[in-house]
1. Filter segment 262-275 down to the residues that are touching a residue at least 12 places away in the same chain (Cβ under 8 Å) and assigned to a loop (DSSP other than H, G, I, E, B) and list them by number.
2. With the requirement that a residue be closer than 13 Å to residue 97 by Cα and charged (D, E, K, R), what does segment 39-63 give you?
3. Evaluate the following for residue 55: is it open to solvent by 10 Å² or more (accessible area, probe 1.4 Å), in contact with a strand residue (DSSP E or B) (Cβ under 7 Å, 6 or more places away or on another chain) and under 22 Å from residue 405 (Cβ atoms)?
4. Can you confirm whether segment 333-342 contains a residue that is touching a Leu at 6+ places or on another chain (Cβ under 6 Å), of a type outside the set (Val, Ile, Thr) and modelled with pLDDT of 95 or more?
5. Pick out the one residue from 330, 319, 326 that is under 28 Å from residue 106 (Cβ atoms) and at pLDDT below 95.
6. Among 140, 83, 95, which is the only one that is of a type in the set (Phe, Trp, Tyr), under 25 Å from residue 229 (Cα atoms) and assigned to a strand (DSSP E or B)?
7. Can you find a residue in segment 307-326 that is in contact with a helix residue (DSSP H, G or I) (Cβ under 7 Å, 6 or more places away or on another chain), more than 26 Å from residue 215 (Cα to Cα) and charged (D, E, K, R)?
Amino acid sequence: MRVAIAGGGIGGMTLALSLLDAGIDDVDVYESAPILKELGVGINVLPHAVRELTELGLLDELSSIGLPTAELEYYSKHGQLVWREPRGLAAGYHWPQLCIHRGELLGVLHRAVLDRLGRERVHTDHHLVRFGQKEGGPVWGEFVYQTRSSAGRVEADLLVGCDGIHSVVRRQLYPDEGPPKWNGITMWRGLTLGPPLPSGRTMILAGYLRRLAVVYPISKRYELEGRALINWVAQVGDAADGGMPRQDWEHTARMEDVLEPFASYVFDFLDVPSLIRGTEVIYQYPMVDRDPLPTWNFGRVTLLGDAAHPMYPVGSNGASQAVVDARVLARELALQPSIEAGVASYDAQRRPATARVVEANRRVGPEQCLDIVEQRAPDGFTNLDDIVSQRELAEIARSYKITAGFEPETLNSQPSLSVR
């Protein structure tokens with residue numbers, strides 16, 4: 001079976017490794033970028049995705065780079081504690097939750113693909129422009145270089161679109177879909193190097209959806225040096241202030257634009273303005289997603305990750321869902337009697353599951369506990385139980401874990417996705 005993967009991001013690289021792990025070794029990855037760089041800021045990888053990366057033999061290297069999350073804390077815009085829960089191993093999972101630099105995670109995956117599949121299997125500066133399927137036969141794809149000159153035509157038994165929210169594969173399959181949908185929220189992201197936070201390995205969220213700060217450390221190396229590389233996200237709902245920002249993860253913003261909305265977010269456990277001021281480069285991006293699709297099953301063509309189910313970055317699920325997609329697709333291709341049956345089984349399992357996450361994220365996901373407090377007690381509270389019960393908060397957290405596929409007892413008892 002020849003598999004062509006369009007897109008060399010986290011989903012595409014995980015798929016390449018998963019296919020090889022499932023015994024499918026005729027795999028090529030085609031990436032638009034001329035060079036695969038370790039760009040970006042921090043992300044959280046949830047236990048259900050860490051489990052799959054562990055089964056691919058990557059946990060030790062990932063653990064030497066990132067940090068395991070031990071606790072998640074939600075605070076109101078006044079710095080009042082709303083909800084606290086253990087995460088990862090501390091919550092009883094068999095696998096950690098990892099905070100890591102997105103580029104370093106991609107670097108681990110990329111090096112593993114080069115080592116296990118061979119350097120000749122990763123084709124950079126190959127941008128897919130169109131594809132087609134021969135009747136009863138293989139699928140073909142045409143690629144161009146960054147110069148737009150032809151990079152040639154490729155044939156394979158299966159084409160998997162792992163090419164992100166602006167996927168060429170998805171656009172050809174659904175030409176009338178239109179652009180991604182913006183919810184009016186602008187996100188700013190940055191990295192700040194400094195002394196460790198008092199919270200150690202805690203992920204902190206403060207505010208509410210339309211004025212939220214998310215903060216967590218991401219680097220084992222700096223922790224060993226007695227310092228911390230802090231990833232922060234600041235998001236503001238500003239649809240009335242102008243049009244949608246550029247959808248470009250390398251688009252930068254002015255510090256003063258970010259500081260003003262969070263000037264009051266100075267607490268004894270976290271100083272958000274200081275984090276922002278300590279950042280060399282601030283990246284800006286709109287919070288966008290797309291509607292769930294009616295099918296990803298196109299015989300010898302399918303979608304994966306952000307190409308299949310772009311979602312709001314709520315609940316730390318984007319990269320994690322792509323990892324699970326890759327493992328399920330590889331397993332079904334290995335176990336089903338035909339490629340078409342494998343794609344159909346993958347579609348039946350992952351499309352409804354990820355559609356539920358997309359919809360849950362539109363309802364604010366687990367962060368809805370902060371919106372509840374903001375709505376019911378915008379000036380702060382004396383007794384949290386008068387505003388929202390611990391039972392309601394616990395149910396919000398549990399319900400989202402079930403929807404996203406990482407409820408601890410269920411995950412710990414699930415059979416492995418490995419074929420061997």
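1. Across segment 262-275, the qualifying residues are 264, 265, 267, 268, 269, 270.
2. 51, 52 - these are the residues of segment 39-63 that are closer than 13 Å to residue 97 by Cα and charged (D, E, K, R).
3. On the way: open to solvent by 10 Å² or more (accessible area, probe 1.4 Å): yes; in contact with a strand residue (DSSP E or B) (Cβ under 7 Å, 6 or more places away or on another chain): no; under 22 Å from residue 405 (Cβ atoms): yes.
It is false that residue 55 is open to solvent by 10 Å² or more (accessible area, probe 1.4 Å), in contact with a strand residue (DSSP E or B) (Cβ under 7 Å, 6 or more places away or on another chain) and under 22 Å from residue 405 (Cβ atoms).
4. yes
5. Values: 330 fails: at pLDDT below 95; 326 fails: at pLDDT below 95.
Answer to the selection: 319.
6. On the way: 140 fails: under 25 Å from residue 229 (Cα atoms); 95 fails: assigned to a strand (DSSP E or B).
Just a single option satisfies the conditions, and that option is 83.
7. Within segment 307-326, one or more residues are in contact with a helix residue (DSSP H, G or I) (Cβ under 7 Å, 6 or more places away or on another chain), more than 26 Å from residue 215 (Cα to Cα) and charged (D, E, K, R).
Every residue, every condition in (1) out of contact with any Phe, Trp or Tyr (no Cβ under 8 Å at 6 or more places or on another chain); (2) among the hydroxyl-bearing types (Ser, Thr, Tyr); (3) closer than 30 Å to residue 326 by Cβ, yes or no:
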| residue | (1), (2), (3) |
| --- | --- |
| 230 | no, no, yes |
| 237 | yes, no, no |
| 243 | yes, no, no |
| 260 | yes, no, no |
| 285 | no, yes, yes |
| 293 | no, no, yes |
| 300 | yes, no, yes |
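The values are calculated or read from the model by the stated rules, or taken from the named source; none is laboratory data. Worth saying up front: this structure is predicted, and the values here are computed from it rather than measured. Ideal geometry is used to build each Cβ from the backbone, glycine not excepted, and the neighbour counts take in all protein chains shown. For the accessible areas, the whole protein counts, side chains as well, though only heavy atoms, and no ligand, DNA or RNA atoms are used. Shrake-Rupley method; radii C 1.70, N 1.55, O 1.52, S 1.80 Å.
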